[in-house]
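Worksheet for the structure shown next.
The values are calculated or read from the model by the stated rules, or taken from the named source; none is laboratory data. All values derive from a computational prediction rather than experimental measurement. Cβ: placed from backbone, ideal geometry, glycine included. Neighbour counts: every protein chain shown. These accessible areas exclude ligands, DNA and RNA; they are computed on the full protein's heavy atoms, side chains included. Shrake-Rupley method; radii C 1.70, N 1.55, O 1.52, S 1.80 Å.
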Amino acid sequence: MVTGLQPDKAALARALGIIDTYTDVTGQRRDMADATRDALLAAMGVDPDAPDAVADALASIRRPRKVPPYLICTPGQVPDLTISDAWCLTYETGATEEGRGALPALDLGIHAVETGGDRCWLLVAPPALPLPPRGWGVTLPLYGLRGPERGGVGDYRDLAVAAQALGRAGAGFVGINPVHAGFSSDPAAISPYSPSHRRRLSTQHVAFDGADAIRPAALVDYRASAETRARAAATAFASEKHDPDFAKWRVQEGDSLTRFATYEALAERHGAHWCDWPAALRDPAGQDVRQFAAAHNERVSFHAWMQFRAETQLAAAATAARDSGMAHGLYLDLAVGTHPYGAETWSEPGAFAFGVSLGAPPDAFAADGQRWNLAPFNPRALIDQGFAALAATLRCQLRHARLLRIDHILGFERAFWVPDSGAPGGYVRMPRDAMLAVARIEAARAGATIVGEDLGNIPDGLREALGAAGILGCRVAMFEGGRAAEDYPAAVLASFGTHDLPTWLGWRAGADIDLRASLGTIDASAKAEAHAARANDVARMDAAMGAASGDVDALHAYLAATPARLVALQIEDILGVAAQPNLPGTIDEYPNWRHPLPVGVGDLADDPRIARAAAIMAAAGR
């Protein structure tokens, strides 16, 4: 403890990366309120009202170190690190080596060296990932693949069928929204971007024989699917729970799987969110949790087996994609955060910041800013733990994908934390270069390409850093203001829209504007202004395409002609769907994530609209 000094919360906040001022998208300067600073300090584990805690934390940060907390290195080269004392090097494999002087050259991975009581994480990453050749693919809603006539939630077997059809047509990838583990005990929790655990898979897409008997409906019925799937799963587990392949896989997955399966069993008994559980069950390492797991071993085993089923079926979909000729296969999506009271935060509470949510500052679309109800990584913990949580999360996705989208990669530079207290939000600086190095490590292991969603209030220098790392950015034509096709950058994935935006037909008609007006989020005057602005946007887009008919073929030809290394076509646009998949800022007001495709997955292979889109891509040399 430091004595005789006046603790300086502002200095500590700056040292911890809390940014005291920023400029929003309108150009307005916003200074951080004291209440926000204190809330963010508390989220990082420092009591702002305890002078000793503030002083000790500041002294710890400022103390001289023998080595830096981390160092980014190049594979096969000696780390640029001067160590005067004896050191102990721990390789990623767990093997150790002791010595003095220069360290040895290191292979790809995350290693650690300790000297004089200090530790430095050695992030050995390629300087840049290779850019992919020019290609294209299709993004689609996994949940909607069964179409309205078959009914129910699309599953991993449906994904394999879709991948085969699109791969044979010439697509290089098939993209889907996140398939992270959700809240299986709560069928109403369907948003793929509010996961329970990002290193486990959603079981709502696990296929079972006999689980297809869902009444056809205009919207996907998650609850009915959950009920039929639960019955089919119980029958299958009874005959497969002693499968030696499952037993072997369960051993390989170790304690991480056991904790997740225990959480699932606890959630069945006590509710989806651990904040509602008895206090003794909120500690995953506690005696009460161990006793519960032992007493409910059958249910724990069942939830572990469900993960085995999900992993096996997603792997089969990835194989089907590659066997169909796809260059990348599955294009998966990593959510920016995790639910604050789900399995991930329960299993590893030390990795996260609590008392705050990820969000976005005020902008033209949300005057009060956005709160996403997602727990952020604590940057202090991320560094202290050698970026293990980030590396493992990326590795889980790259088991099955050779193309990965990182949602809101702006959070690698700075993350906007919104306090639970109601104080305004503020930015926290993240260890960007280290996080990008970890992404390169995991992508290089898998031979994968990374796409970073770099949309919104973009920090200075981020896009340049992504480009230097070989990580593709995103360019959404809807936001490009009629940019000429040839003016797009090369190191990007180009698309017309995203899952959070209107479709091609909906955008041209201003359907999203009318929808917001019907929900009361904009008034008549704002609606008229928005439609006028949209008409101008459509005219500029038509001019850039050289067509004014709204023909989707002209849109696809425009995207194909860009220098963008990758182009993603949305299945909704190919098939002429008007309704957008998700309306941000709504939960029950709009049927988010519930729209089935107008055709079932079995009909995609013979659909002439897909063949036409493929021909346009091929004609452009993709």
Considering residues of segment 521-548 that are within 16 Å of GLY506 (Cα to Cα) and among the charged types (D, E, K, R) only, the residue most open to solvent (accessible area, probe 1.4 Å): LYS527
Sole residue being farther than 30 Å from LEU394 by Cα, of a type in the set (D, E, K, R) and outside any helix (DSSP H, G or I), chosen from ARG540, ARG483, ARG516, ARG508: ARG483
Counted residues, segment 65-100 - those being more than 22 Å from MET44 (Cβ to Cβ) and exposed (fewer than 15 other Cβ atoms within 10 Å of the Cβ): 17
Qualifying residue in segment 454-463 (condition: within 27 Å of HIS531 (Cβ to Cβ) and among the charged types (D, E, K, R)): no
Residues located in segment 555-567, provided they are open to solvent by less than 20 Å² (accessible area, probe 1.4 Å), aliphatic (A, V, I, L, M) and assigned to a helix (DSSP H, G or I): LEU555, LEU559, ALA560
Candidates ALA224, ALA233, ALA217 - the one that is assigned to a helix (DSSP H, G or I), at pLDDT below 95 and either closer than 25 Å to LEU145 by Cα or open to solvent by 40 Å² or more (accessible area, probe 1.4 Å) (or both): ALA224
Segment 141-157: number of residues that are outside any helix (DSSP H, G or I) and either surrounded by fewer than 23 Cβ atoms within 10 Å (Cβ to Cβ) or touching a Lys or Arg at 6+ places or on another chain (Cβ under 7 Å) (or both): 3
Test result for ASP212, more than 24 Å from ARG269 (Cα to Cα), open to solvent by 20 Å² or more (accessible area, probe 1.4 Å), charged (D, E, K, R) and assigned to a helix (DSSP H, G or I): no
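Residue-by-condition table, conditions (1) open to solvent by 10 Å² or more (accessible area, probe 1.4 Å); (2) within 22 Å of GLU311 (Cα to Cα); (3) assigned to a loop (DSSP other than H, G, I, E, B):
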site: GLU114; (1), (2), (3): yes, no, no
site: PRO130; (1), (2), (3): yes, no, yes
site: PRO133; (1), (2), (3): yes, no, yes
site: LEU159; (1), (2), (3): no, yes, no
site: SER185; (1), (2), (3): yes, yes, yes
site: PRO192; (1), (2), (3): yes, yes, yes
site: THR203; (1), (2), (3): yes, yes, yes
Residues of segment 114-132 classified as over 20 Å from MET435 (Cβ atoms) and in contact with a strand residue (DSSP E or B) (Cβ under 6 Å, 6 or more places away or on another chain), total: 3
Residue among LEU583, LEU597 that is in a loop (DSSP other than H, G, I, E, B), under 20 Å from GLY506 (Cβ atoms) and in contact with a Gly (Cβ under 6 Å, 6 or more places away or on another chain): LEU597
Residue identified as among the small types (Gly, Ala, Ser) and touching a Lys or Arg at 6+ places or on another chain (Cβ under 9 Å) among ALA171, ALA189, ALA128: ALA128
Sole residue being touching a residue at least 12 places away in the same chain (Cβ under 8 Å) and either within 27 Å of PRO132 (Cα to Cα) or open to solvent by less than 60 Å² (accessible area, probe 1.4 Å) (or both), chosen from GLU572, GLU589: GLU572
Considering residues of segment 416-426 that are open to solvent by 10 Å² or more (accessible area, probe 1.4 Å) and part of a strand (DSSP E or B) only, the residue farthest from THR23 (Cα to Cα): VAL418
Filter result for THR503 (within 23 Å of ALA578 (Cα to Cα) and among the polar types (S, T, N, Q)): yes
Residue selected from segment 486-505 under the condition part of a helix (DSSP H, G or I) and in contact with a helix residue (DSSP H, G or I) (Cβ under 9 Å, 6 or more places away or on another chain), by the criterion most open to solvent (accessible area, probe 1.4 Å): GLU486
Unmet criterion (only one of (1) open to solvent by 10 Å² or more (accessible area, probe 1.4 Å); (2) of a type outside the set (Val, Ile, Thr); (3) closer than 17 Å to TRP417 by Cβ) for PRO376: (1)
All helices (runs of 4 or more DSSP H) inside segment 242-326 with 2 or more residues being under 30 Å from ALA171 (Cβ atoms), open to solvent by less than 10 Å² (accessible area, probe 1.4 Å) and at pLDDT 95 or above: 297-323
Criterion (touching an Asp or Glu at 6+ places or on another chain (Cβ under 7 Å), among the charged types (D, E, K, R) and on the phi < 0 side of the Ramachandran plot) met by exactly one of ARG565, ARG594, ARG612: ARG612
Given (1) farther than 15 Å from LEU40 by Cβ; (2) of a type outside the set (Ser, Thr, Tyr); (3) in contact with a strand residue (DSSP E or B) (Cβ under 7 Å, 6 or more places away or on another chain); (4) modelled with pLDDT of 95 or more, number of the condition ALA360 does not satisfy: (4)
Pair list, Cβ < 8 Å and 6+ apart or interchain, from segment 65-85 residues that are touching a residue at least 60 places away in the same chain (Cβ under 8 Å) to residues that are assigned to a loop (DSSP other than H, G, I, E, B): TYR70/GLY386; TYR70/PHE387; TYR70/PRO431; ILE72/ALA125
